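To start, the structure itself, in structure tokens.
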Amino acid sequence: MADLIFNWLWVLPVVAALLMYKFVLRVCFGMVIIPDDRIGLVIKKFSLYGADRHLPDGRIIATKGEAGMQAKPLAPGLYWHMWPWQYSINLQAFTIIEQNKLGLVKARDGAPLDTGRVLGRPVECDKFQDAEAFLERNGQKGPQAAFLTPGSYRINTFLFDIVMVPITQINENKVGIITTLDGEPLEKGDIAGGSVMGHRNFQDPMAFIHAGGKKGLQEDVILAGTYYLNPWFVMVEQVDMMHIPIGYVGVVNSFVGPEGTDTSGDNFKHGNIVHKGQKGVWDEPLDPGKHPVNIYTHGVEVVPTTNIVLNWANSRMEAHELDKHLNTISVRSFDGFTFNLDVSQIIHVPRNEAPKVIARFGKMKNLVSQVLEPTIANYFRNAAQKSDVIGFLTNRSQRQDDAKTHISQVLADYNVVGVDTLIGDIVPPEALMKTMTDRKLAEEERHTYEVQRHAQIERKEFESARAGADMQPEIVKSTRMVEINTQTAAGKVAAAKGDAEARTINAKADAENRTINARADAEAQTIIAKANAEATQVNGSAEAGKIKAVGLAEAEVTKQKTEAMGTEQYAIVRVAEALAANGVKLVPEILVNGGSQNGGNGLVDALIGTEMFKKLQKENEVKAA
């Protein structure tokens, strides 16, 4: 039992020593251990010796061993002689600046800010991790121009307050308009600071200030991207990029820049047109696309360069809304009637003339209200007073052409092209409309009757055509027969023509042959005739001699016969010979007597005998045949 008690008496001090070693080391030796992820912020409770035992007036951080919060923190490690009754050690975690964040620094101690400045100038102090160097090098109290980027820092929070803010992100199709909170004051009459170099898009405040940058609105803008901008130095407003659609241009009116020389010429008296970058209306407009424009330092008027249609009509408005306040035109005619008409005007602003139009009117809406609206309305009112309503309606096309010519001439003086003027709906007075409507109805009724009449005629023609269609097979058959006969007749005609031509040719040939033969025969006959004549002459001479001889012989015979028979008897014999030679019968075949001894009729018997004789002759002829 005694041994057990002895053992416990020996163990208890050891256990107590082990448990109390940190307390013993801290109290007896002033040991302080700073972990790897911490720093030790030191507060010195008192100072027993030294000339500077107290802080100077206005200072809260000790740099020379004075009592109070010490500028130099304890880094991770082991420290001695930091007696707890003299030093208070506060463990402080490292300052972590996260991604997409900035650490803005505000110093609680230091030199006062320069007059007119809102930010302390940067000094070499290892990114605010060396508070002692910051104070010794006259770092200024208050918001600092410098800042901490993402990372881990050993910051003495007795001296510096760290404010986490997001980095500046300019989105796509946006621009950042900058207003600086520090710098030189603007010159009188300026509304924005001009461009300065070297500040890396306002990410280096002191470079901007040293380059002469002005406080306030800046002419320069920043484009889409990520920027480390100190919000105690700049304010950023994101606005849309200036979008110029296709078919438009942007006329720029710059409120900043040097005074420029007018380029519009002596004939233009409505403002200055200057080169790009100068103050005034730029002579070169912005073409279609997206442009990074500072809307506070540059005004951009979008001007259509395609044809613009403006409607003077109560119930119609184009998408551009330039005709939003245009109404139907009310006019009075020569005959005292009041009526309304809608008008459409088409205009075109050339690209190179757009700056002059804006310099003259300021906005496209002013062009409409100051020129187009009174010009067109007054023209049609004047035109209507020179005509009656019916004449205005009937001469609509001519009125339209005259209006186009007149309005185009007026617009040319304002650098605008008048493309066309169109008269839309014309609303005559109701009483006149009723009269015209009644007249039109009567005309339409007459037209309807005429159409019906034509319909009946067409129906009759249709019925006739249908009947004809029903007979079409027969007609076709007849037509085919006619065609066949026609072809046959044509063939015959052709054959007859060919035969006639052949006969003509043959006749001509025969005639020629006959002519030739006749000539030949004539010549032959002439020759033969001559020969015959000669032969006849010879024969005649011979025959004459013969006849003479015969006659002399016959005469001698006759003389002898006469002498032998006697003259009367010789004459009777010669008569009988002549009658016999010519078939003359001396005795008749049928003898008719004047009377009959047998009581017969002699004439009748003669006729009967004659007929029987003729019949017998015919039978004999038949038999002979």
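The values are calculated or read from the model by the stated rules, or taken from the named source; none is laboratory data. Please read these numbers as outputs of a predicted model, since none were measured by experiment. Cβ coordinates were reconstructed from backbone atoms using ideal geometry, including for glycine residues, and neighbour counts include every protein chain displayed. These area figures cover heavy atoms from the full protein model, side chains too; ligands, DNA and RNA do not enter into them. Shrake-Rupley method; radii C 1.70, N 1.55, O 1.52, S 1.80 Å.
Observations on the structure shown:
- Scanning segment 68-87 for residues that are within 26 Å of D161 (Cα to Cα), in a loop (DSSP other than H, G, I, E, B) and at pLDDT 85 or above yields A71, K72, P73, A75, P76.
- Inspection of segment 335-345 identifies at least one residue that is of a type in the set (F, W, Y), open to solvent by 20 Å² or more (accessible area, probe 1.4 Å) and modelled with pLDDT under 90.
- Qualifying residue in segment 395-404 (condition: open to solvent by 70 Å² or more (accessible area, probe 1.4 Å) and in a loop (DSSP other than H, G, I, E, B)): yes
- Selection within segment 391-408 - touching a residue at least 12 places away in the same chain (Cβ under 8 Å) and of a type in the set (D, E): D402
- Answer residue from segment 109-132, given it is outside any loop (DSSP other than H, G, I, E, B) and open to solvent by 10 Å² or more (accessible area, probe 1.4 Å) and is farthest from L41 (Cα to Cα) among those: A111
- Of the strands (runs of 3 or more DSSP E) lying entirely inside segment 211-276, those containing at least 3 residues that are touching a strand residue (DSSP E or B) at 6+ places or on another chain (Cβ under 6 Å), under 30 Å from K106 (Cβ atoms) and open to solvent by 40 Å² or more (accessible area, probe 1.4 Å) span 234-240.
- Verdict on V175 being modelled with pLDDT of 95 or more and under 28 Å from Q129 (Cβ atoms): no
- Screening E430, E353 for residues that are among the acidic types (D, E) and under 29 Å from the mean Cα position of the chain (by Cα) leaves exactly one candidate, E353.
- When residues of segment 277-320 are limited to those that are among the small types (G, A, S) and assigned to a strand (DSSP E or B), the one surrounded by the most Cβ atoms within 10 Å (Cβ to Cβ): G280
- The sole residue among V427, V417 that is closer than 30 Å to N352 by Cα, at pLDDT 75 or above and surrounded by 11 or more Cβ atoms within 10 Å (Cβ to Cβ) is V417.
- Residues of segment 47-66 that turn out to be of a type outside the set (D, E), closer than 20 Å to D109 by Cα and open to solvent by 40 Å² or more (accessible area, probe 1.4 Å), as a count: 8
- Those residues of segment 407-421 which are farther than 18 Å from N311 by Cα and not hydrophobic (A, V, I, L, M, F, W, C), in sequence order: Q409, D413, Y414, N415
- Subset tally (residues that are surrounded by 15 or more Cβ atoms within 10 Å (Cβ to Cβ) and not aromatic (F, W, Y)) for segment 67-84: 9
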